[in-house]
1. Check Ala43, Ala24, Ala15 and return the single one that is crowded, with 17+ Cβ neighbours inside 10 Å, more than 19 Å from Lys79 (Cα to Cα) and of a type outside the set (Ser, Thr, Tyr).
2. Restricting the search to region 22-38, which residues are under 15 Å from Leu99 (Cα atoms) and not in a helix (DSSP H, G or I)?
3. Say we look at region 49-71 and pick out the residues that are closer than 27 Å to Gly100 by Cβ and among the β-branched types (Val, Ile, Thr); which of these is surrounded by the most Cβ atoms within 10 Å (Cβ to Cβ)?
4. How about region 44-118: which helices (runs of 4 or more DSSP H) wholly inside it have at least 3 residues that are touching a Ser or Thr at 6+ places or on another chain (Cβ under 8 Å) and at pLDDT 95 or above?
5. Could you list all residues from region 1-60 that are basic (Lys, Arg) and touching a helix residue (DSSP H, G or I) at 6+ places or on another chain (Cβ under 7 Å)?
6. So the check is Cβ under 6 Å with 6+ separation or different chains; which pairs have a first residue in region 74-100 that's farther than 18 Å from Ala54 by Cβ and of a type in the set (Gly, Ala, Ser) and a second one that's modelled with pLDDT of 95 or more and part of a loop (DSSP other than H, G, I, E, B)?
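The values are calculated or read from the model by the stated rules, or taken from the named source; none is laboratory data. A quick note: this is a predicted structure, and the numbers were derived from the prediction, not measured. Using ideal geometry, Cβ is built from the backbone for each residue, glycine included, and neighbour counts are taken over all protein chains shown.
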Amino acid sequence: MSKKHDYKKLVEQFAEAAEKSFEAALKGDWRENNKWVKRQVKAFQQIIEIGDVARDELLTLLEYENLAIAKSAAVFSLKYATQQSIVTLKKIAQEPGMLGFEAKQALQRWEEGNWQLE
């Protein structure tokens, strides 16, 4: 199967890794978290290699019910779809706990020009 046909599967892998990474972080299991972060980054790198069709598919996660997944999709899409990603992150930044904190930090780093994931 060619990469062009794999992009939906890559977005699913990205979402799964985002969810598992956040769950591990909440438990304080940094080894497990790091494992899932690596998978998420790998999926993202493959998504950007495919191009706009895959990146647009990743943007569908911005409205995802699981806010940890939506946050990760927004963070990784800041450069590609800045306004959409900022709207999602601002919404999630209102959430209590680590999720809201991470969204606030991502927005702050982006505004400072320190957030480069690609």
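1. Step by step, each of Ala43, Ala24, Ala15 is checked, and only Ala24 is crowded, with 17+ Cβ neighbours inside 10 Å, more than 19 Å from Lys79 (Cα to Cα) and of a type outside the set (Ser, Thr, Tyr).
2. Selection gives Gly28 alone.
3. Only one residue tops the list, namely Ile69.
4. Those helices (runs of 4 or more DSSP H) span 52-59, 67-76.
5. The first filter runs over region 1-60 and keeps only residues basic (Lys, Arg), leaving 3-4, 8-9, 20, 27, 31, 35, 38-39, 42, 55.
Of everything in region 1-60, those that are basic (Lys, Arg) and touching a helix residue (DSSP H, G or I) at 6+ places or on another chain (Cβ under 7 Å) turn out to be Lys3, Lys4, Lys8, Lys20, Arg39, Arg55.
6. Gly100/Ala93
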